[in-house]
Amino acid sequence: MSTSKFNELLEDKVSNDRISYIDAIVDICAKTGLEIESVPSLLNNRTRKILRNEAINLNMLKKKGAKLPV
């Protein structure tokens, strides 16, 4: 699958089903038989930023930048 095709499919899935990008990627991989490990090479920069923000909001990644303890 090409990068543009995957990103188009991903955007359609997110907007039509109103689900998160993470859930949409898992669903696309399950339906197409695409290996989840191959997804990073198919993502464009915009989608990577969206995924990073989703992961940070779900506490899957640490927020960027150091914070002083309060």
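The values are calculated or read from the model by the stated rules, or taken from the named source; none is laboratory data. Keep in mind that this is a model prediction, so the values were computed, not measured. Glycine also receives a Cβ, built like all others from the backbone with ideal geometry; neighbour counts cover every protein chain displayed. Side chains included, ligands, DNA and RNA excluded: accessible areas come from the protein's heavy atoms. Shrake-Rupley method; radii C 1.70, N 1.55, O 1.52, S 1.80 Å.
What residues of the stretch 1-41 lie in the reach of a label at Asn53, counting those whose backbone N is under 20 Å from a point 7 Å from the Cα along Cα→Cβ? Residues passing the 20 Å test: 7-26, 40. Entry comment: accessible area of the chain is 78 Å² per residue, from protein heavy atoms only and a probe of 1.4 Å.
For the chain, carbon and sulfur atoms together expose 54% of the accessible surface, with a 1.4 angstrom probe and every protein chain in place.
Here is the list for the chain: trypsin sites (Lys or Arg not before Pro) lying in DSSP coil, each with at most 14 other C-beta atoms within 10 angstrom of its C-beta, are Arg18, Lys62, Lys63, Lys64, Lys67.
For the chain, compute Rh as the Kirkwood radius over C-alpha pairs and then the Stokes-Einstein diffusion coefficient at 25 °C and 0.890 mPa s; write the answer in µm²/s, rounded to an integer.
Numbers: Rh = 13.2 Å.
Translational D for this selection: 187 µm²/s.
Between Arg46 and Leu61, the modelled label-to-label distance comes to 1.8 nm, taking each label 7 Å out from Cα in the direction of the beta carbon. Placing unit charges on the Cβ atoms only, positive for Lys and Arg and negative for Asp and Glu, gives the chain a dipole magnitude near 540 debye about its Cα centre. Can you count the Lys pairs in the chain with C-alpha separation below 28 Å, eight or more apart or on different chains? Lysine pairs meeting both conditions in the chain amount to 12.
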